[in-house]
Amino acid sequence: MQKNIVDKIWEKHLINHSEGNFSICGIDFSFLHEVTSAQAFQKLEDRGIAIMNPKQFIATIDHSIPTRPNRNEIFDLAAKNQVELLRHNAQKHDIPFFDFDSGHQGIVHAIGPELGITQPGMTIVCGDSHTATHGAFGTLAFGIGTSELAHVLATGCLLLKKPKVMKVEFKGQKEEGIYAKDLIMKLISTIGIGGATGYVIEYTGQVIKNMSMEERMTICNMSIECGAKAGLINPDQTTYEYLKERPFSPKIEQWEKIISYWNSFVSDENCFYDKEIIIDIFAMQPMVTWGTNPAQAIEINSLIPTKIQVSPAEEIMYENAIQYMQLNGGDKIEGTPIDWAFIGSCTNGRIEDLRICAKILKDRKVHPSVTLYIVPASEGVLQQAKKEGLDFIFKNAGADFRMPGCSLCLGMNDDKVPAGKRCISSTNRNFVGRQGTGSYTHLASPATVAASSIRGKITSPLEFL
C-alpha cells in the first residue's frame, strides 16, 4: 500500500491503539518556553512525578522578554517571574536551557532547526501554536496545551487522533517580489481560516522543491492559520544540506546511513490524500491583509472587498473587521498610511528575511513618520547579521535593530504598537489588539514591510527590486 509522509511518521511512532479513533503515540522532542511550561512543571511537582527523559527537551526564553539592549532587566513582574521559573525548572530537572547571551537563545521555532534538533521523521511538540514550523524538515510537529505538555514531560507520549492529510501544491512560477509568505497567505485567503480543520497539510510540487529551508519554514509556520493541525514538506537534498554539521545533527560518519533513514519517510508516488488543493500563483502580486484574521488578505494591487463581495456567513466577521481596522470597502489597500513596521518573529525573523530587507533598505531611509523594528529570531541570526554588516545597513536606514525574541508579534512583552497606530508586520496573526491594545495590524512579507517603511504607506516591494 502506498503511503504519504504522515502515514509513515504515524506508524513509526504508534505505541498502541486506544478506544475509538485515538492512539498512543511517542513524542521525540519538545521545546519549552517561559509562558506555557510553568503550569506543566507544577502539575508534575504536585503529583510527585519525575520527568521521563530530560534529554528530550530544550528550554529557552522568547515570548515575554524585552528586546532592548539591557534585556536582562525585566521590569514586568509577571514576565520576570515566568523567566525565573523556567530557569529554575530547567536547572532542577537537568533540561538544557538557552539563556540570554548563551549563543543559542531565541524563538523556539528558530533555534530548533538552527541547532539541527529538528530532523525528518520526528514527532515534535511545543506549547505554542506555530510549532508546525518544524514540519519544513519532514517532521510531524504541532502545538499542544499545558495539560498535554505535562503528559509529554512525564511519559514521552500523547493520546492522539490520526489526522486526515491534505495535499497542497502551488502551480506556476514564483516571480521576483513574491516570497514564501505571499504564497502561504494566498492559500489561507483562498480556503479560509477553517479550510484545513482536521487535516495535516503536505506541501508538494516544484515551487516547494525550489524553496530554501527558511522559505519552507515560513510556509509550514502559518499552516495553523487555515485550521490545520500541522504542515509538512518531504525531506530532500535541500533538507540534508541544511542539517549537515549542525550541533545536534548526526555525525558526518553516519551521514549516508541517516539520509537513507530520512528518505524512508518520503511520500510514495500515487499515495492517498483525503483532499487535494492546487493554488495558482501565476502573475500573483504581493499579499497583504486588510482585516483581523490572516484569511482576510488580498493582493496588494487589489481593492478592499465590499460587503456584497463576501458570503452571508462572513458578513458579521467582515463588518467587525472593516470597522475595527478603520478601512472602507472598495478602497485601495496599497497606499494605506502606516505608523509602524515590524520585521521578525518565528515566521520571518531568519537570516534570509533580514538579507531581503537589507537589500531594500540599503542606501535608503525609513520614512520619518514610521517606527521600524527589526528583531532577529535568535542569537545565531543576530550574530550572522552582524557578520554580514546588515546591522549597519539597518541602523543607517533609521531602523531599530534589536535583540532576539518574539517582540511585536504579540503584545506580551515591552514591545507594543500604541493604540490607534497602524503596523505592517511580517508576523503570522493580525487579530484584534494582537500587537497592542487598539493597534491595527497588516500582515505581509518582509520585503513588503521594508518597502512600506520607506514610503510610509503600504507599498509593493517591486519598485525596490
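The numbers here are math on the coordinates, done by the rules we state, and not lab data. Just so we're clear, the structure is a prediction, and the values are computed from it rather than from any experiment. Every residue, glycine as well, gets a Cβ built from its backbone with ideal geometry; the counts of neighbours run over all protein chains shown.
Annotations
- Separation of segment 30-93 from segment 422-465 is 31 Å, based on Cα centroids.
- Peptides 297-308, 435-446, 174-185 ordered by packing proxy, namely the average of other Cβ atoms within 10 Å per residue, highest first: 435-446, 174-185, 297-308.
- Residues with amide H under 5 Å from that of residue 267, placed H, sequence gap 5 or more: 5
- Modelled label reach - residue 175, point 7 Å along Cα→Cβ, segment 275-291 residues with backbone N closer than 13 Å: 281-287
- Estimated vicinal HN-Hα couplings, Hz - segment 182-199 in sequence order (Karplus 6.51, -1.76, 1.60; Gly, Pro = x): 5, 5, 5, 5, 5, 4, 4, 5, 7, 9, x, 5, x, x, 10, 4, x, 10
- Counting 0.36 nm for each residue step from residue 100 to residue 246 and taking away their Cα separation leaves a gain of 50.5 nm.
- Prolate/oblate/rounded call for segment 131-290, Cα gyration tensor, a/c under 1.5 rounded: oblate
- Neighbour cut-off at most 13 other Cβ (10 Å), DSSP loop, GluC sites (Glu not before Pro), segment 6-101: 19, 73
- Whole-Å distance, taken between Cα centres, linking segment 184-252 and segment 295-350: 25
- 13 Å beta-carbon shell around residue 423, net charge (K/R +1, D/E -1): +4
- As a rough guide to protection, the peptides 373-382, 283-292 ranked by mean Cβ packing within 10 Å, highest first, stand as 373-382, 283-292.
- Relative contact order of the chain, defined on C-alpha pairs under 8 angstrom at six or more residues apart (%): 17
- Taking a ≥ b ≥ c as the square roots of the eigenvalues of the Cα gyration tensor, segment 213-273 is oblate, since a/c reaches 1.5 or more and a/b is not larger than b/c.
- Estimated [θ] at 222 nm from DSSP helical runs (n ≥ 4, -39500 (n - 2.57)) normalised by residues in the chain, nearest 500: -9000 deg cm²/dmol
- Across all directions, the shadow cast by the convex hull of the chain built on its C-alpha atoms averages 22.1 square nanometres.
- Of every Cα-Cα pair in segment 234-372, the percent that sits beyond 22 Å: 65
- Taking the convex hull of Cα positions in segment 5-160, its mean projected area over all directions (nm²): 9.6
- Rounded, prolate or oblate (a/c below 1.5 giving rounded, otherwise prolate when a/b exceeds b/c) for segment 287-463 by Cα gyration tensor: prolate
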